[in-house]
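S.K.: Following this message is one structure expressed as structure tokens.
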Amino acid sequence: MAAVGKTHATRWTVINVLVVLYALFPVWWIAALSFKDPSTLTDGNYIPRKWTWENYRGIFDTSEFTRALINSIGIALIATAIAVVLGTMAAYAVARLRFPGKRVLIGMSLLIAMFPPISLVSPLFNIERIIGIFDTWVGLIIPYMTFSLPLAIYTLSAFFREIPWDLEKAAKVDGATPAQAFRMVIAPLAAPGVFTTAILVFIFCWNDFLFAISLTSTEAARTVPAAIAFFTGSSQFQQPTGSIAAAAVVITIPIIIFVLFFQRRIVAGLTSGAVKG
Amino acid sequence: MQAEPAGAPPPPEAEQARKGRAASAGARQERRLGWLLCAPAVVVMLAVTAYPIGYAIYLSLQRYDLRFPAEAKWVGLSNYGAVLTSPFWWDAFWVTLFVTGVSVAIELVLGMAIAMVMHRAIFGRGTVRTMVLIPYGIVTVVAAFSWQYAWTPELGYLAELLPSGEAPLTEQWPALWIIVLAEVWKTTPFMALLLLAGLALVPEETLKAAMVDGASAWQRFIRVIVPLMKPAILVALLFRTLDAFRIFDNIYILTAGAQDTGSVSILGYDNLFTALNLGIGSAISVLIFICVGIIAFAFVKLFGAAAPGAEVKR
């Protein structure tokens, strides 16, 4: 047993280390770049030889980045809030109520989940310019919440199916209407699922690039991924590598925090929505 | 059957079905609440996708150059003719197909391996799951920059491995493989998680029985696990194929579509925002939409991929 256990342990250690390296290496590399002094930037070393905070100080000194960071946080939070509220309502109906048209709703969200965003960019660009929400927060919140709604509805309805519904029946026996049962009994039970969905939707909005570069033209609503792509060096002979790396690390921090603290929830949310149906 | 009221879909709860004979006040209330709760989501989804795609079709039938908006003119299908006879569209189309096909194939194999690791690991399971979520969660643009810098001569660790003077991102095929690499790295964890959920549904007893019958590990995998996981595999493939076909962020950062490495999404973007040609750009948008529709249809019809959410029977 001991010998078998040992070879097993070694094998699993090697496999685990490989997976960890696979996942972390590109992240480590860009983090290392962000801490490198300009003079050692091109040494190709995995660990900075000369550490510096200069790149971070640089990006936080410019409104180009700070403004984009505020945009990113605000837009993603608002879009997440709306998508989760609308998604919770629809998912409750899908999971619990019987009504004609349920299949249409499910089919429609599936269609939108598969929708190529580029197909919407040209009409949205034109519509938003005409009604005056081009290059505003609203102009990005609208496509974000729409494209994350299917994700929200799937994940939430999968969570809602796992809730002990007898409690709802008990509430109804006690004279609660379906609406009251939803608000007072089910909503608190559903909170963990809602929270998980909110994380997934936030990651989705945080990640977007295509809408962010297409539907903005100034700092007014440009989010960080789009802003990074437009970073320029302080002179035409200087590449903005250090600034881009530092900005990249900053917007990766929330993701790392989510992953570290809510790993189990994220996995449950991603898999339940997609496979169990 | 005759006695049942028409129009009511067969409900999952049998004892409730019998109660549905006369639509009671409660059932009506339930139906109204159902519609009411879904209405906002439906309205938003229709308003932000159905209406604009209709508008995109309308725009695609016009000659509409944003530099000369006054000269917008109805031209019928000629934008589609221009796109479909243009080598740019076909180059982008084949690049997109190549990147989609190759990266999804690699992801399936690698994702299955990682799913197995997550499923079977004796220890460190939590660590592995946490770690694979990092590529999933990280902003695509960030990851793309990391790969770009890794392959930039005199800067990156991967470029250092090549003979000096090589700049892989400036040549078509090396650049395409780097795009595939970036895509695979980022999205394999998602594939692995979907497959992991499918793996969890494979009953342990069936595997034990196969083992008793003398099936080798490989035989158990091919003959038992894969057939049982077919629905999960198809859903994962469908999702990833459609997603890969829309590839934009990675290519935009890595090469910006230079040296014939642009996908159809990149081509559409360039026509809209560089050439400012709303008519041609919209025609490309509609064509991409049609391609995605064909892929989805093929998956559902040819392979019988059950749409997720379509009440999979277990």
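S.K.: Picking from A:L110, A:L151, which residue would you name as being touching a residue at least 60 places away in the same chain (Cβ under 8 Å), under 29 Å from A:F209 (Cβ atoms) and either at the interface with chain B (Cβ under 7 Å from one of its Cβ atoms) or buried (at least 18 other Cβ atoms within 10 Å of the Cβ) (or both)?
M.R.: One residue alone meets the criteria, A:L151.
S.K.: If you don't mind, another one. Please specify each residue of the range B:31-86 satisfying the condition of being among the aromatic types (F, W, Y), modelled with pLDDT of 85 or more and more than 30 Å from A:R98 (Cβ to Cβ).
M.R.: Those that are among the aromatic types (F, W, Y), modelled with pLDDT of 85 or more and more than 30 Å from A:R98 (Cβ to Cβ): B:Y55, B:Y58, B:Y80.
S.K.: Only one of B:L59, B:L66, B:L77 is facing chain A (nearest Cβ under 7 Å) and farther than 26 Å from A:T196 by Cβ; which?
M.R.: So the residue among B:L59, B:L66, B:L77 that is facing chain A (nearest Cβ under 7 Å) and farther than 26 Å from A:T196 by Cβ is B:L59.
S.K.: What's the number of the only condition in (1) facing another protein chain (nearest Cβ under 10 Å); (2) surrounded by fewer than 24 Cβ atoms within 10 Å (Cβ to Cβ); (3) in a helix (DSSP H, G or I) that A:F99 fails to meet?
M.R.: (3)
S.K.: Further question on the same structure: Do you know which residues across the range A:102-126 are within 21 Å of the chain's Cα centre (by Cα) and either assigned to a helix (DSSP H, G or I) or among the basic types (K, R) (or both)?
M.R.: Residues satisfying the conditions are A:S109, A:L110, A:L111, A:I112, A:A113, A:M114, A:P117, A:I118, A:L120, A:V121.
S.K.: So, one more: For B:T188, indicate whether it is in contact (Cβ under 8 Å) with a residue 24 or more places away in the chain, of a type in the set (S, T, Y) and within 13 Å of chain A (Cβ to nearest Cβ).
M.R.: yes
S.K.: Criterion first (assigned by TED's automatic domain parsing to the domain that holds A:N207, in contact (Cβ under 8 Å) with a residue 40 or more places away in the chain and touching a Ser or Thr at 6+ places or on another chain (Cβ under 8 Å)) does A:I30 satisfy it?
M.R.: No; evaluated as a whole, the condition is false for this residue.
S.K.: Now for a different question. Hey, B:L228 hits all of (1) part of a loop (DSSP other than H, G, I, E, B); (2) out of contact with any helix residue (DSSP H, G or I) (no Cβ under 7 Å at 6 or more places or on another chain) but one; which does it fall short on?
M.R.: In the conditions (1) part of a loop (DSSP other than H, G, I, E, B); (2) out of contact with any helix residue (DSSP H, G or I) (no Cβ under 7 Å at 6 or more places or on another chain), B:L228 misses (1) alone.
S.K.: Another question, then. Across the range A:137-160, what is the number of residues that are more than 30 Å from A:L124 (Cβ to Cβ) and touching a Lys or Arg at 6+ places or on another chain (Cβ under 8 Å)?
M.R.: The number of residues fulfilling the criteria is 1.
S.K.: So, in the range B:174-215, how many residues would count as being assigned to a loop (DSSP other than H, G, I, E, B) and touching a helix residue (DSSP H, G or I) at 6+ places or on another chain (Cβ under 9 Å)?
M.R.: Selection size over the range B:174-215: 5.
S.K.: Separate question: Filter the range A:154-197 down to residues that are away from every other protein chain (no Cβ under 14 Å) and under 17 Å from A:A83 (Cβ atoms) and give me whichever is surrounded by the most Cβ atoms within 10 Å (Cβ to Cβ).
M.R.: The extreme case among them is A:G193.
S.K.: Cβ-Cβ under 8 Å, sequence separation 6+ or interchain: first residue in the range B:52-69 and buried (at least 23 other Cβ atoms within 10 Å of the Cβ), partner aliphatic (A, V, I, L, M) and not in a helix (DSSP H, G or I). Which pairs?
M.R.: Qualifying pairs under 8 Å: B:Y64/B:A72.
S.K.: Next question. Tell me which residues, restricted to the range B:196-229, are within 12 Å of another protein chain (Cβ to nearest Cβ) and either closer than 17 Å to B:V117 by Cβ or basic (K, R) (or both).
M.R.: Matches in the range B:196-229: B:L196, B:A197, B:G198, B:L199, B:A200, B:M229.
The values are calculated or read from the model by the stated rules, or taken from the named source; none is laboratory data. Please read these numbers as outputs of a predicted model, since none were measured by experiment. Cβ coordinates were reconstructed from backbone atoms using ideal geometry, including for glycine residues, and neighbour counts include every protein chain displayed.
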